[in-house]
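K.L.:
I am attaching a structure below and will ask some questions about it afterwards.
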Amino acid sequence: MIDITKYKWFLYQGRPIHLVTDHPEFDLEMEEGNKFAYRKIGANHYLVSRGDLDIRFKIKEKDAKRVIANSRGWKGTIRGVKVVNGAGGLDKPKKSDDPNIFTLHIDSSNLAQAWLEKKEKLLHVVFHSGVHWAYENVSLALAKQLESAESQGQFFIYRIREVKKAYKVN
């Protein structure tokens, strides 16, 4: 059995996603309310599902970031063993202290974070690769449409990336 005390635990709160893993028989389906554990060993990223503590799934780094970004830390007792919580993306405050900043809730395989400087109409997008771009002349209404889009990635490509002037921040 896997030593679950060596992992950080989370509660998934994003949209349902299918993760391709290295397991010969199973891939991993994540749904809202799933409890899972995460651990990075060297360059490898592993998830353990609360549903089956005997299987460890190796996943891609971008998938690990996406799942954690859409989770909250969770601590509790599993099979009589106390486990510790990790820090998920949803543990961070959703709103900035700056009233000029609108932070979008992002659940995308490509987009990691996004926020809008409302007065400047400047949308900042950070990708899972770590690259940060800024897109000009983006209204609050368009940013909210991006946030609520069924496919945030497709909406971003067709309504923002292909239409708005942009510059690379890093």
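K.L.:
What helices (runs of 4 or more DSSP H), lying completely within segment 53-170, carry at least 2 residues that are closer than 26 Å to residue 10 by Cβ and among the acidic types (Asp, Glu)? If you could, list the steps in order and put the result at the bottom.
P.N.:
On the way: elements: 61-69, 140-148, 152-156.
Output list reads 61-69.
K.L.:
Please identify the pairs in which a residue from segment 18-45 that is under 16 Å from residue 69 (Cβ atoms) and in the same structural domain as residue 57 (by TED's automatic domain parsing) has its Cβ atom under 6 Å from the Cβ atom of a residue that is assigned to a strand (DSSP E or B) and of a type in the set (D, E, K, R), counting only partners at least 6 apart or on another chain.
P.N.:
Partner pairs satisfying both residue conditions: 38/8.
K.L.:
Still on this structure, I have one more. Just checking, does segment 96-117 include any residue being surrounded by fewer than 17 Cβ atoms within 10 Å (Cβ to Cβ), over 21 Å from residue 66 (Cβ atoms) and polar (S, T, N, Q)?
P.N.:
Yes, segment 96-117 contains at least one residue that is surrounded by fewer than 17 Cβ atoms within 10 Å (Cβ to Cβ), over 21 Å from residue 66 (Cβ atoms) and polar (S, T, N, Q).
The values are calculated or read from the model by the stated rules, or taken from the named source; none is laboratory data. Everything numeric here is computed off the predicted structure, so don't read it as measured data. We place every Cβ from the backbone using ideal geometry, glycine too, and count neighbours over all the protein chains shown.
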